[in-house]
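Here's the structure, in structure tokens; my notes come after.
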């Protein structure tokens, strides 16, 4: 038996996959629906406004149901630059993963910033949503964010 | 050991698809109901214990992390429990142990399954490269044990139909129950197609979405109010396919039952326990567990089913709420048994209350009949 055949004996293909279906519920569901209409919706609890919309207040655990619409602009709170995207990334040119605080929100959303150089971004940079052509009622309805000059 | 009692039981409406809520919303529905029942606020909760069956059931890895806000665990100790189908029972025991240990005054515990987001049979029977894919699921796995029970004790085939009809008749009195089948009777069960010999379609549990939560406390909150005091609780385990193992009457189940009876000072469970909620996902498991839990001698279980002892108006009512045969959100199913036992001794089981119940048992099993969790609760400390 060849060396190759010996090693094949020790392997067997094992493909495990299943398409799950997620119920988003009334709060996250409405947030996604808003994205498909090019709206940024947050949930409000006193002085706190959560984007992405939170179903439960992360501090007080209360049910949240009051929505507010926020602008498409925000501020970079933190980022990391991806110079050589891999095939599983959603953007196939250099981009940044960033935490972005939408104007009027008190929490940050994780998304991507592209069409710029690494040296163009800093904490505090101003960004604006770039909407996707195709609407799927998912987070992908935001294609990415882009830097803006104000 | 410090005395502990259930002071709140909360459930969701069980259904095949609760598409109206997220996983967090589903879990929170049970928690809100339990905290309302217990009349406590978040300030009273010292720790949160979450249980559910395999993560592959919903495809959410470590749900205790993403659910931290929904279950009010932020800033508090949180623990996740997993022991397959028995998890609702073992989670209840572990939560209660957090109180009896003296480490916490009041613990919130919650279990759930949202089966509509996936397919439990797929998750339980993946295609492995080294064996033919049988896609059997739980029913196919347990059917041979039921056939062996029937063979050993020469039980008549209608016993399974009696259990299936009886539990669904009880479910008609429980607004939370998933299956509500008007006019259900033995004949309707017997006329359904055979799934896995000897099990017919209506002798099997449904797939349900749902959650169940309990608030468990010591005397600080439980004294002087309606409470289900825990008189004995235990968990036991066995290997999956070890030689000499008797899956029809597992040693782990026998030992677990003996342990809780000893703790509770029960010498004759059939006479002393007023009613029990036991984990019967397939009809034949009622007589099998009656024997395993020492309610009767070997071979006598099916006779208790046949002569009506286990009916709601019988001497030992079993699964008054409709049981797993009527609602099966897998991860929560054990805790529902434990919570329903508590409701019986709190005399709050409404339409399916057993008159004057003072001592009730909750039971769950899981895996390949290898994990067991049980408790006995009473209306007095």
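All of the numbers you see were taken from the coordinates with simple rules; none came from a lab. Because the structure is predicted, anything quoted here is derived from the model rather than measured. Here Cβ is always computed from backbone atoms with ideal geometry, including for glycine, and neighbour counts include all displayed protein chains.
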Between residue A:19 and residue B:154, with labels modelled 7 Å along Cα→Cβ, what's the label distance in nm to one decimal, could you check?
-> 5.4 nm
At 7 Å along the Cα-to-beta-carbon direction for both residue A:117 and residue B:32, put a label point, then send me their distance in nm to one decimal.
-> 5.3 nm
So the angle from the long Cα axis of helix A:25-36 to the longest Cα principal axis of chain A, reported in degrees to the nearest 10, equals 90 degrees
Centroid-to-centroid separation of segment A:1-73 and segment B:10-50 [C-alpha atoms, Å] | 21 Å
Applying 1/(1 + (r/R0)^6) with R0 = 51 Å to the Cβ-Cβ distance of residue B:46 and residue A:10, what FRET efficiency is obtained, to the nearest 0.05?
-> 0.50
Across peptide A:28-38, what mean number of C-beta atoms from other chains lies inside 10 Å of a residue's C-beta?
-> 1
How far, in nm, would the chain grow between residue A:59 and residue A:106 when pulled straight, counting 0.36 nm per residue and subtracting the alpha carbon separation?
-> 15.7 nm
Shielding by partners for B:122-130, please: the mean number of other protein chain Cβ atoms within 10 Å of each residue's Cβ.
-> 3
Label segment B:258-381 by shape, choosing from rounded, prolate and oblate, from the square roots a ≥ b ≥ c of the eigenvalues of the Cα gyration tensor; if a/c is under 1.5 it is rounded, and otherwise prolate applies when a/b is larger than b/c, oblate when it is not.
-> rounded
What is the order of B:376, B:21, A:127, fewest Cβ neighbours within 10 Å to most?
-> B:21, A:127, B:376
Protection-proxy order for peptides B:22-28, A:77-83, each taking the mean of Cβ atoms within 10 Å per residue, highest first = B:22-28, A:77-83
Segment A:24-147: relative contact order from alpha carbon pairs under 8 Å, six or more residues apart, as a whole percent, is 24 percent
Report the FRET efficiency, 1/(1 + (r/R0)^6), for residue B:223 and residue B:272, where r is their Cβ-Cβ distance and R0 is 25 Å, rounded to 0.05.
-> 0.55
Can you tell me which of A:46-54, B:209-217, B:240-248 comes out highest on packing, and rank the rest after it, using the mean Cβ neighbours within 10 Å?
-> B:209-217, A:46-54, B:240-248
Segment B:1-130, relative contact order [Cα under 8 Å, separation at least 6], % = 34 percent
Relative to the present Cα-Cα distance, how much length would full extension add between residue B:61 and residue B:39 at 0.36 nm per residue of separation?
-> 4.7 nm
FRET E, pair residue B:131, residue B:3, Förster distance 35 Å, beta-carbon r, rounded to 0.05 | 0.10
When the chain is fully extended, how far beyond the present Cα-Cα distance does residue A:39 get from residue A:139, taking 0.36 nm per residue of separation?
-> 34.8 nm
Expressed as a rounded percentage, what relative contact order does chain B have, with Cα pairs under 8 Å and six or more residues apart?
-> 26 percent
